[in-house]
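A quick write-up on the structure given underneath.
The values are calculated or read from the model by the stated rules, or taken from the named source; none is laboratory data. These numbers come from a predicted model, not from an experiment. As a convention, Cβ positions derive from the backbone with ideal geometry for all residues, glycine included, and neighbour counts pool all protein chains shown.
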Amino acid sequence: MASSNSTPLSTLLQIITDGVKAIEVACEKRGVRYPTLDDPLTAESVALQDSLSEIALPVVAASYQLTATLMNPYGYYTTHTFAAEESVAASVAEMAHVAEILRDAGPQGLHVKDIAAYSTVDAGKLAHCLRFLSSFHIFKEISPDRFANTRISTILDTGKPVKEILADPVAKYDNTRGFAAVTAAVADDFLKGAAYVREAFSDPVTAASDAPDDGPLQLAIGRKDPLFVWWEAPENEWRLRRFGNAMIAMQWSAPMEGGFDWASLPKGSVVVDVGGGFGGVVTELAKTHKHLKYICQDRPQVTEQGMKMWKEQGNEDVLNGTVTLQGHDFFSEQPVKDASVFVLKYIMHNWGDAWCVKILKQLRAAATPKTQLLIIDALIGYNCPSDGRWSHVPGGEGPTAPEGLLPNFGIGTSDVQYLGILLMHATNTRERTLDEMNKLFELSGWKIERVHRFPPPGMPQIVGVPV
Ligand SMILES: C[S@@+](CC[C@H](N)C(=O)[O-])C[C@H]1O[C@@H](n2cnc3c(N)ncnc32)[C@H](O)[C@@H]1O
């Protein structure tokens with residue numbers, strides 16, 4: 001509680017103190033310790049953080065606001081203006097397999113010369129990248145030029161022996177948590193487009209376009225192919241494979257349980273994941289909800305790669321037909337006419353409005369009166385107090401931060417905001433507000449019925465029904 005003579009700084013501090021106390025009390029009650037930046041990244045410790053994330057959120061927002069207030073404004077601004085360098089440094093660490101090398105080295109770490117010996121990356125350049133990342137708690141410098149992993153840097157670890165990676169670098173991301181794949185794809189594929197944003201946004205022909213072949217990325221790669229077509233060029237097979245693996249990693253950001261009620265669907269109901277990639281979502285759902293049938297649709301090249309992967313892994317649900325992977329272009333007629341649910345996860349945000357409406361109209365034409373549409377995508381909240389415009393829809397209004405903080409919790413929800421900007425130079429699109437998403441529903445014969453929200457970084461589920 002803030003006292004009557006509180007200042008803006010002390011108000012922020014109070015939010016931090018109250019939140020940290022509440023977290024410590026919760027941990028004490030459960031007989032656990034909140035993880036430090038040196039603790040290993042275990043499923044249990046991440047689950048603990050997730051379970052306390054609602055309490056942590058205002059603390060995160062207040063800490064960052066305190067930083068913004070206390071830091072020299074030029075220094076603060078420069079840090080953000082140069083933020084792409086964090087991607088660059090992480091990408092260098094990833095291409096040098098640093099997280100895997102340091103896993104084997106243990107807590108005493110390794111000298112950068114010994115780390116660099118495994119790749120072509122120069123030791124001097126690598127040292128500066130790792131030192132820079134260590135300023136953000138991604139790796140730590142334990143003595144001059146000697147580095148070790150932190151809890152955060154182990155996210156980059158594919159879990160594979162370094163020898164195995166060196167023997168087949170293209171397979172590095174297969175069957176992994178995929179964060180190394182995300183890091184590589186961001187710096188390698190997406191930042192290429194970033195360099196051409198100014199050209200694309202100033203040319204009168206492309207400035208207002210959201211066409212998939214008209215964006216900054218096309219200027220960067222020197223061809224008119226949309227991102228997904230570019231990835232399918234024979235020379236880019238490894239990029240497509242890397243992105244497929246990266247999408248598996250992104251499952252962490254989209255909880256499938258605790259929102260949409262899968263258990264209540266009648267036995268034998270058909271769930272179709274449209275643009276489902278390798279089938280990460282449906283294979284996960286199939287483990288818990290055995291009474292449903294699952295179809296994952298994607299471009300044939302993608303489903304073929306996915307099928308191969310699941311068969312190699314001996315995935316039971318794929319082998320016994322509970323899960324089917326089906327080549328299908330979502331701009332053409334939807335072949336499944338009895339779907340209970342059409343899921344579109346991370347699809348709408350890749351396409352401009354006219355393309356989204358085409359996709360949704362195909363699903364509407366194939367829908368039964370009981371079919372539900374489940375869109376999983378970020379919803380960008382306005383960063384001002386809500387005027388209650390979505391209060392008539394369950395879950396329509398997102399949570400608002402306590403007074404004195406940024407209404408959208410600032411950095412606490414920044415991952416989706418970064419993604420929204422990344423899309424501008426990757427796919428020539430952006431994330432949407434609920435108003436913008438609603439426009440797509442209205443133009444394609446669907447109506448938003450409810451929104452399931454999760455604490456960050458969980459993506460919301462927007463549920464629609466046919467009009
Ligand atoms: C951002 S990924 C999302 C994948 C998956 N839904 C997930 O969340 O893991 C977008 C997917 O859309 C697929 N896609 C792109 N164009 C498509 C098309 N015309 N028809 C079907 N799928 C397409 C891509 O191949 C890719 O797998």
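So the values come out like this:
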read-out	value
Residue identified as surrounded by 11 or more Cβ atoms within 10 Å (Cβ to Cβ) and closer than 27 Å to Ala187 by Cβ among Ser87, Ser45	Ser87
Which listed residue, of Asp122, Asp174, Asp114, Asp145, is surrounded by fewer than 21 Cβ atoms within 10 Å (Cβ to Cβ), modelled with pLDDT under 95, among the charged types (D, E, K, R) and not assigned by TED's automatic domain parsing to the domain that holds Met309	Asp174
Set Ala207, Ala211, Ala220, Ala249: member being touching a Phe, Trp or Tyr at 6+ places or on another chain (Cβ under 7 Å), farther than 30 Å from Ala286 by Cα and touching a residue at least 12 places away in the same chain (Cβ under 8 Å)	Ala220
Test: Ser135 is surrounded by fewer than 17 Cβ atoms within 10 Å (Cβ to Cβ) and either touching a Ser or Thr at 6+ places or on another chain (Cβ under 7 Å) or within 19 Å of Leu37 (Cβ to Cβ) (or both)	yes
All helices (runs of 4 or more DSSP H) inside region 213-268 with 2 or more residues being away from the ligand (no atom under 16 Å from the Cβ)	216-221
Given (1) within 11 Å of the ligand (Cβ to nearest atom); (2) within 30 Å of Asp174 (Cα to Cα), index of the condition Gln362 fails	(2)
Region 293-312 residues that are assigned by TED's automatic domain parsing to the domain that holds Val341 and in a helix (DSSP H, G or I), paired with ones that are of a type in the set (D, E, K, R) and within 10 Å of the ligand (Cβ to nearest atom) (beta carbon under 9 Å, 6 or more apart)	Pro300/Asp329; Gln301/Glu232; Val302/Glu232; Gly306/Asp298
Residue check for Lys163: assigned to a helix (DSSP H, G or I), more than 16 Å from the ligand (Cβ to nearest atom) and loosely packed, with under 13 Cβ neighbours inside 10 Å	yes
Test: residue in region 8-31 that is among the hydroxyl-bearing types (Ser, Thr, Tyr), exposed (fewer than 11 other Cβ atoms within 10 Å of the Cβ) and at pLDDT 95 or above	no
Among residues of region 313-332, those that are in a loop (DSSP other than H, G, I, E, B) and either more than 14 Å from the ligand (Cβ to nearest atom) or not charged (D, E, K, R) (or both), counted	9
Extreme residue, surrounded by the most Cβ atoms within 10 Å (Cβ to Cβ), among residues of region 326-354 that are out of contact with any Leu (no Cβ under 6 Å at 6 or more places or on another chain) and of a type in the set (Val, Ile, Thr)	Ile347
Condition met for Ala194 (more than 20 Å from His97 (Cα to Cα) and buried (at least 18 other Cβ atoms within 10 Å of the Cβ))	yes
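Conditions (1) out of contact with any Cys (no Cβ under 9 Å at 6 or more places or on another chain); (2) within 8 Å of the ligand (Cβ to nearest atom), marked per residue:
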| residue | (1), (2) |
| --- | --- |
| Val270 | yes, no |
| Asp273 | no, yes |
| Gly276 | no, yes |
| Gly280 | no, yes |
| Ala286 | yes, no |
| Ile295 | yes, no |
| Thr303 | no, no |
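Quick grid of which residues meet (1) surrounded by fewer than 22 Cβ atoms within 10 Å (Cβ to Cβ); (2) more than 30 Å from Ser414 (Cβ to Cβ):
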| site | (1), (2) |
| --- | --- |
| Phe228 | yes, no |
| Pro234 | yes, yes |
| Leu265 | yes, yes |
| Val271 | no, yes |
